[in-house]
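Report on one structure; see the data block that follows.
The values are calculated or read from the model by the stated rules, or taken from the named source; none is laboratory data. Everything numeric here is computed off the predicted structure, so don't read it as measured data. Cβ placement follows ideal geometry from the backbone for every residue including glycine, while neighbour counts extend to all protein chains displayed.
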Amino acid sequence: MKIKVNPEDFQVEEILARPLVQTPAAHRVYRLRKRNWNTLDALAEIARSRDVELRDLHWCGRKDRSALTEQYFSTLSQVDMTFRSMNLSAEFAGFSDSRLGPGSISGNRFRIVLRDLDAQESEGIDKRLEETKLFGFANYFDDQRFGDVSDGGVLAGEMIVKRRYGEALKCIFTTFHPKAPERVKARKAEIASKWGNWKVLSPLCPEPRLRGMLEVLTRGGSELQALGKLPREEMSQYLSSYQSFLWNLLLEGILKETVGNLFTIRCRPVDLLQYRDLTREAFRRLAELVIPTPAAGMPEIPGGFGKVLSRVLYSRGVRLSKLRLPEIHQAFLSSFGRRAISVPEEFKWEEAPDRLFPGRRIISLEFILPAGSYATMLIKSVNRG
């Protein structure tokens, strides 16, 4: 099975939680359409074209680069952000009394094409799609949440939580995406081999975020001071990635206690267990379960599953109190609830010949997922052999 053979094979459309108005209000809202752009780069390009700071734009979430996506962003009403270029456009959609943020969408509509299927694969996936339509899938955070971390690699966020700042810095400087170009992998390997020799590392670290931290280390500053140069958004990403990792392990532990018939799915930074189907009672229990993300002062986990979190934290060598980070000024961890399972709405699919791979089949999917659920996790749940 192949996905994302071309961007049109993976289409995403944000669904706003509240309709926009056409009468002037405090914030203008724009519809951003992009192809082969990630969200941050696309918004930065538009901001530069209008001489606006990126921080003055507000959006609901990031969307995949290798996709055709439609999402929204807002800015103050006096700024016109209309934009059009190859594979990227922003058009006025309406007004809003408040700026957009993660809570501004109710969900996302997906249109996805699964390609290069033989008859047996197509039949098996069709059966599993029926199961997923009924029972949904475990609502794990997927690979996109974890950024540049090698499979099974160390998480910078965990090292920060453990106050092992030197290891956190090395992780930030040397980790890379498994699909990174060979030249990037070679450069990161050279940085790792010369770690600690700050002056020698300077030519290997052209990225502004790395140079700022390296300058602190070269002057003899502490590792914590160097981390203080990390941009707010990146620090927040490292910490939230680790929080999401802990939540995934927590959900997996709950599934082990609640559900039989589990199977392994390939994930980063570690593989996870997904379920095939559920009894009526297990479905009811999991469909009602909202699990708080780990943080200091988090609410009690419902269903008597607090002991599962204790085991997860023990296995990682951390305490809940360590997730309070007063020494990190750029970001902090707060707890929020996330549903244990996700059930697609308006789910439909059809099979057809694959024009790109003659003699093979495609299955075209269309469905809506709640905000924060990953379509790629749904795909993993149906492509399980």
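Mind checking which residues of the range 326-383 are among the small types (Gly, Ala, Ser), surrounded by 15 or more Cβ atoms within 10 Å (Cβ to Cβ) and not in a loop (DSSP other than H, G, I, E, B)?
Restricting attention to the range 326-383, the residues satisfying the condition of being among the small types (Gly, Ala, Ser) are 331, 334-335, 337, 340, 342, 352, 359, 364, 371-373, 375, 381.
Narrowing further to those that are surrounded by 15 or more Cβ atoms within 10 Å (Cβ to Cβ): 331, 335, 340, 342, 364, 371-373, 375, 381.
Ser342, Ser364, Ala375, Ser381 - these are the residues of the range 326-383 that are among the small types (Gly, Ala, Ser), surrounded by 15 or more Cβ atoms within 10 Å (Cβ to Cβ) and not in a loop (DSSP other than H, G, I, E, B).
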- Message: Can you list residue pairs whose Cβ atoms sit under 9 Å apart, with the first residue in the range 42-58 being assigned by TED's automatic domain parsing to the domain that holds Glu70 and the second being assigned to a loop (DSSP other than H, G, I, E, B) and small (Gly, Ala, Ser)? Count only pairs 6 or more apart in sequence or on different chains.
- Response: His58/Gly101
- Query: Any idea which of Leu272, Leu230 is hydrophobic (A, V, I, L, M, F, W, C) and at pLDDT 95 or above?
  - Reply: Leu272
- Item | Yes/no for Ala17 being farther than 17 Å from Asp80 by Cα, small (Gly, Ala, Ser) and more than 18 Å from the chain's Cα centre (by Cα) | yes
- Query: Which residue out of Gly297, Gly303, Gly317 is exposed (fewer than 13 other Cβ atoms within 10 Å of the Cβ), at positive phi and touching a residue at least 40 places away in the same chain (Cβ under 8 Å)?
  - Reply: Gly317
- Note on the structure: The one condition Ser85 fails out of (1) farther than 30 Å from Leu239 by Cβ; (2) among the hydroxyl-bearing types (Ser, Thr, Tyr); (3) not assigned by TED's automatic domain parsing to the domain that holds Leu32 is (3)
- Query: For the range 321-342, does any single residue satisfy the condition of being within 24 Å of the chain's Cα centre (by Cα), at pLDDT below 95 and within 22 Å of Glu257 (Cβ to Cβ)?
  - Reply: no
- Task: Please go through the range 35-60 and pick out each residue that is among the hydrophobic types (A, V, I, L, M, F, W, C) and under 21 Å from the mean Cα position of the chain (by Cα).
- Result: Trp37, Leu40, Ala42, Leu43, Ala44, Leu54, Leu57, Trp59, Cys60
- Message: Just to be sure before I move on: is Ser310 hydroxyl-bearing (Ser, Thr, Tyr), in contact (Cβ under 8 Å) with a residue 24 or more places away in the chain and over 30 Å from Pro178 (Cβ atoms) in the structure I sent?
- Response: no
- Query: Does Leu100 satisfy being part of a strand (DSSP E or B), surrounded by 22 or more Cβ atoms within 10 Å (Cβ to Cβ) and under 26 Å from the mean Cα position of the chain (by Cα)?
  - Reply: no
- Query: Restricting the search to the range 209-250, which residues are surrounded by fewer than 19 Cβ atoms within 10 Å (Cβ to Cβ), outside any helix (DSSP H, G or I) and within 26 Å of the chain's Cα centre (by Cα)?
  - Reply: Gly228, Pro231
- Taking the range 280-294 and the residues there that are assigned to a helix (DSSP H, G or I) and of a type outside the set (D, E, K, R), the one that is surrounded by the fewest Cβ atoms within 10 Å (Cβ to Cβ) would be Ala287
- Item | Of residues in the range 191-208 being assigned to a helix (DSSP H, G or I) and exposed (fewer than 14 other Cβ atoms within 10 Å of the Cβ), the one nearest to the chain's Cα centre (by Cα) | Pro208
- Mind listing just one residue for me: the one in the range 70-97 that is in a strand (DSSP E or B) and among the acidic types (Asp, Glu) and, of those, nearest to the chain's Cα centre (by Cα)? Glu70
- Message: I'm told Ser98 meets every condition in (1) modelled with pLDDT of 95 or more; (2) touching a helix residue (DSSP H, G or I) at 6+ places or on another chain (Cβ under 7 Å); (3) within 29 Å of Gly337 (Cβ to Cβ) except one. Can you identify the failing condition by its number?
- Response: (2)
- Message: One residue is enough: does the range 145-155 have a residue meeting the conditions modelled with pLDDT of 95 or more and either of a type outside the set (Asp, Glu) or not in a loop (DSSP other than H, G, I, E, B) (or both)?
- Response: no
